[in-house]
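Have a look at the structure below, then the notes.
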Amino acid sequence: MNLTLSNPTAPAPDSADGGTWLACIDCEWTGPPFDEIRYRCPDCDGLLEVRYADLPTFDDFAKSEGRGVWRYADALPVESGVSIDEGDTPLYEVPTIEDEVGVSALRVKHEGMNPTGSFKDRGMTVGVKVAEKIGTDRLACASTGNTSAALACYGTRAGTEVLVLLPAGKVAAGKVAQASLHGARILEVDGNFDDCLDIVSELANRGEAYLLNSLNPFRLEGQKTIGLEIVEQFRDQTGDLPDRIVLPVGNAGNTSALFKAFRELVAAGELTPEEVPILTGVQAEGAAPMVEAVETDADFVRRWDEVETIATAIRIGNPVNAPKALPAIRETGGTAIAVTDEEITDAQRALAGDGIGVEPASAASVAGLRKLRESGEISADENVVCLTTGHLLKDPDAAANAGVEPEPVPADTDEVLEHLSK
Ligand code: F0G
């Protein structure tokens, strides 16, 4: 395996602050992490990532007094966060699905068990803290729902105004309810997620708000902890490492964050390059620009203007983190695959059958695993982790449509028994 994307052990530039700095992934630019607000490279417009002079080991994490995401504070750009106990989510066994697909070991990392019900909390606990440090009076994001719920929650916790832009009519009910109750100002845009992100990025560039989409490199640092937890939990449960992680892809933030977690573990001497899990992305057929790029071996991702899927969380046509995520998939020997809405719903039912309630986008990971096992791309001797990114209650309508129909009965025991005997 050849992990070439960037060198996480490059020497600290003069602009480093406490051993932390920002670097462009495409050119030589480096800069201070907190003195100026930057989302992209000032020289070439490339994506930025956070770099560290010192990379921690698992022994360092074991000595940590923090919990959840903050157990990994040594790997993060700030020592503590605006926190409501995010992270430390379960790594579940799924015996029925494991038997059905036939792999050596299958686990489900259920990020729906975070405080607001999705992995976004991991990014927000870090990102909102950095926003506080930088000093901003308004936080903003575009969202298919979960980012807005998490930002509304963490923003109000930090006492900061929150503005969210949502694609009108395309956000699941639970997510809008969360953003609303946590008091965010919600703008319903007559357009899709990518339009919302264009607008909010422009607002941020004009200094109207601090942007907390996954373009923000600090947010991805928090999401890195998913990868660190997976390695530790998988090893505790099986004595082994996962060979592959299968995950849903929207903006490809998690794909990028997991790869960064593993590259840093390699640089710290904790994993060999060969031990880095193979990153395998899954998109919905109606919103699959990353899959198209992987399948055609393209070096950029073509924006899809028309996108549609039942998995509204990943109804995205322009994955902003593609320049980080394409190398993540290619350099780990992974792939990307598209699944139909029907396959997503089937996988959602299968997970529910093993007691794990997820929203449709999350089930895409299991749908992808099933398909790649059938095609032989994933072999029977692999240890696999599927990432489920959001909780069932996020999208109650999709759950009810996928589940069994309630049966109306009269309020009478004999009639209930009569009904049950039919
Ligand atoms: N799964 C869920 C449940 C999500 O909410 C998202 C993204 C993804 C997967 C895709 O993750 O972007 O890291 O590839 N949701 C964003 C939002 C876009 O606004 O809530 P990714």
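The values are calculated or read from the model by the stated rules, or taken from the named source; none is laboratory data. Keep in mind the model is a prediction, meaning the values are calculated, not measured. Cβ atoms come from the backbone with ideal geometry, glycine included; neighbour counts cover every protein chain shown. We work out accessible area using only protein heavy atoms, side chains counted, and drop any ligands, DNA or RNA first. Shrake-Rupley method; radii C 1.70, N 1.55, O 1.52, S 1.80 Å.
The table below gives the values:
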read-out	value
Answer from Ala328, Ala287, Ala311 - the residue that is of a type in the set (Gly, Ala, Ser) and in contact with a Pro (Cβ under 6 Å, 6 or more places away or on another chain)	Ala311
Per-region count, region 380-422, residues more than 30 Å from Asp88 (Cβ to Cβ) and touching a residue at least 60 places away in the same chain (Cβ under 8 Å)	1
Only listed residue being open to solvent by 70 Å² or more (accessible area, probe 1.4 Å) and on the phi > 0 side of the Ramachandran plot, chosen from Gly87, Gly18	Gly18
Failed criterion for Asp74 (all others in (1) touching a Pro at 6+ places or on another chain (Cβ under 6 Å); (2) open to solvent by 70 Å² or more (accessible area, probe 1.4 Å); (3) over 22 Å from Pro277 (Cβ atoms) hold)	(3)
Residue within region 355-368 that is in a helix (DSSP H, G or I) and open to solvent by 20 Å² or more (accessible area, probe 1.4 Å) present	no
Some residue of region 149-157 being in contact with a His (Cβ under 8 Å, 6 or more places away or on another chain) and more than 16 Å from the ligand (Cβ to nearest atom)	yes
Members of region 384-405 that are over 15 Å from the mean Cα position of the chain (by Cα) and either hydrophobic (A, V, I, L, M, F, W, C) or on the phi > 0 side of the Ramachandran plot (or both)	Val384, Leu392, Leu393, Ala398, Ala399, Ala400, Ala402, Val404
Where a residue in region 164-175 is in the same structural domain as Glu202 (by TED's automatic domain parsing) and farther than 24 Å from Arg138 by Cα and its partner, wherever it lies, is buried (at least 24 other Cβ atoms within 10 Å of the Cβ) and of a type in the set (Phe, Trp, Tyr), with Cβ under 9 Å and at least six apart	Lys170/Phe193
From Thr116, Thr136, Thr125, residue being hydroxyl-bearing (Ser, Thr, Tyr) and part of a helix (DSSP H, G or I)	Thr125
Residue check for Leu106: assigned by TED's automatic domain parsing to the domain that holds Ser365 and either within 15 Å of the ligand (Cβ to nearest atom) or of a type outside the set (Val, Ile, Thr) (or both)	yes
Failed item, numbered, when Pro115 is tested on (1) buried (at least 22 other Cβ atoms within 10 Å of the Cβ); (2) in contact with a helix residue (DSSP H, G or I) (Cβ under 8 Å, 6 or more places away or on another chain)	(1)
Members of region 313-354 found to be part of a loop (DSSP other than H, G, I, E, B), open to solvent by 10 Å² or more (accessible area, probe 1.4 Å) and more than 13 Å from the ligand (Cβ to nearest atom), listed by number	Gly333, Gly334, Thr335, Thr340, Asp354
Hits in region 118-133 (condition: open to solvent by 20 Å² or more (accessible area, probe 1.4 Å) and more than 16 Å from the ligand (Cβ to nearest atom))	Lys129, Glu132, Lys133
Test: residue in region 297-307 that is in a helix (DSSP H, G or I), in the same structural domain as Val103 (by TED's automatic domain parsing) and not basic (Lys, Arg)	no
Test: residue in region 3-14 that is at pLDDT 95 or above and not hydrophobic (A, V, I, L, M, F, W, C)	no
Region 189-215, subset assigned to a loop (DSSP other than H, G, I, E, B) and within 12 Å of the ligand (Cβ to nearest atom), residue nearest to Leu166 (Cα to Cα)	Asn192
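Matching residues to (1) at pLDDT 95 or above; (2) in contact with a helix residue (DSSP H, G or I) (Cβ under 8 Å, 6 or more places away or on another chain); (3) of a type in the set (D, E, K, R); (4) within 21 Å of Phe34 (Cβ to Cβ):
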{"site": "Glu208", "(1), (2), (3), (4)": "yes, no, yes, yes"}
{"site": "Leu215", "(1), (2), (3), (4)": "yes, yes, no, yes"}
{"site": "Arg219", "(1), (2), (3), (4)": "yes, yes, yes, yes"}
{"site": "Gly222", "(1), (2), (3), (4)": "yes, yes, no, yes"}
{"site": "Phe259", "(1), (2), (3), (4)": "yes, yes, no, no"}
{"site": "Glu274", "(1), (2), (3), (4)": "yes, no, yes, no"}
{"site": "Thr280", "(1), (2), (3), (4)": "yes, yes, no, no"}
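Residue by residue, here is whether (1) within 30 Å of Asp381 (Cα to Cα); (2) open to solvent by 10 Å² or more (accessible area, probe 1.4 Å); (3) under 13 Å from the mean Cα position of the chain (by Cα); (4) acidic (Asp, Glu) holds:
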site	(1), (2), (3), (4)
Ala149	no, no, no, no
Val176	no, yes, no, no
Glu221	no, no, yes, yes
Ile226	yes, no, yes, no
Thr255	yes, no, yes, no
